[in-house]
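Take a look at the structure set out below.
Rule-based calculations on the coordinates, nothing more; no lab input. From a predicted model like this one, the values you see are computed outputs, not experimental measurements. Backbone-built Cβ (ideal geometry, glycine too); neighbour counts: all protein chains shown.
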Amino acid sequence: MEFLLDTVHIDDIKKYAGIIPLSGVTSNPSIVKKEGKIDFFKHMRAIREIIGDQATFHIQAVGQTTEAMVEDAHTILKNVDDNVYVKIPTNEAGLAAIKQLKAEDVNVTATAIYTKFQGYLAMSAGADYLAPYYNRMVNMNINADEVIGELSTQIMRENSRTKILAASFHTVQQVNSAFEMGAQAATMSADIFKTALTAPAIGAAVNDFTADWESLYGQGSTISSLAKTAATV
């Protein structure tokens with residue numbers, strides 16, 4: 001499984017890069033907008049420095065024509081680095097752009113996927129990742145689990161190297177479902193990680209363990225402090 005962070009907020013990326021097995025970072029124009037009018041390329045290069053060369057970094061083209069998307073892709077590769085996965089929307093212009101970019105051996109993530117058919121076409125065009133929008137599908141009364149499950153089956157059927165990078169999550173359970181249906185990767189906001197790791201029940205269990213330990217060895221004691229005390233005796 002690959003866990004990615006769906007943000008360009010530097011502090012969140014630094015924080016979770018030190019906490020979780022972070023496989024990469026994803027962004028889109030709406031996420032960039034949340035940061036304000038940043039120095040775009042400088043900011044993206046700073047993210048790459050944080051996550052390192054082995055993590056995947058997904059940056060979206062904003063052009064609406066095939067030519068504009070391809071030009072955006074070349075500009076991203078030139079001004080950030082040539083390992084970026086360029087996110088291309090899975091529409092007519094986008095599919096043509098994916099074909100062109102894959103002919104140039106560019107890393108591509110096909111995004112804005114709502115249907116199995118879009119996914120099949122992007123896979124056939126050579127996309128490295130497919131990004132189905134889970135919660136947006138749910139809001140449109142589309143069975144997100146079915147879409148991801150069928151795409152996963154097709155990937156296995158063809159022994160394809162394409163991966164499913166599920167996106168657009170509102171709850172932790174949605175992330176779980178995406179993985180259970182066969183997604184190899186999922187990208188989510190920092191809020192999803194925070195919700196998953198700071199549930200009250202987790203804190204209560206940790207506090208209970210601490211209280212039980214301290215009832216035996218004294219308040220504030222740890223295993224390390226116990227060893228240090230033994231060493232001085």
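Exposure proxy shown here: for Arg48, Arg157, the number of other Cβ atoms within 10 Å sets the order, fewest to most, as Arg157, Arg48. Neighbour counts of C-beta atoms inside 10 Å place Ile142, Ile88 in the sequence Ile142, Ile88, starting with the fewest. Using the average count of surrounding beta-carbon atoms within 10 Å as a protection proxy, the listed peptides 39-45, 107-113, 226-232 rank, highest first, as 107-113, 39-45, 226-232.
Among 71-77, 100-106, what's the highest-first ranking by average C-beta atoms within 10 angstrom per residue? Don't skip to the answer; put the middle values down first.
Details: 71-77: 18.4, 100-106: 15.3.
Peptide ranking by packing, descending: 71-77, 100-106.
Listed by chain and number, the lysines whose alpha-carbon sits under 20 Å from that of Lys78, ignoring those within fewer than 8 places in the same chain, are Lys42, Lys87, Lys99, Lys102. Spatial offset of region 6-26 relative to region 146-199 amounts to 17 Å, using the alpha carbon center of each.
Relative contact order of region 2-193: what whole-number percent is it, with Cα pairs under 8 angstrom and at least 6 residues apart? Walk me through the numbers before you get to the answer.
Working: 347 pairs, mean separation 35.3, N = 192.
Value for region 2-193: 18 percent.
Taking a ≥ b ≥ c as the square roots of the eigenvalues of the alpha-carbon gyration tensor, the chain is classed prolate because a/c is 1.5 or more and a/b outweighs b/c. Taking the chain as a Gaussian network of alpha-carbon nodes connected by springs under 10 Å, the highest mean-square fluctuation of the residues Gly24, Gly36, Gly126 belongs to Gly36.
Partner lysines whose Cα lies under 21 Å from the Cα of Lys194, excluding those fewer than 8 positions away in the same chain, are identified as Lys14, Lys15, Lys34.
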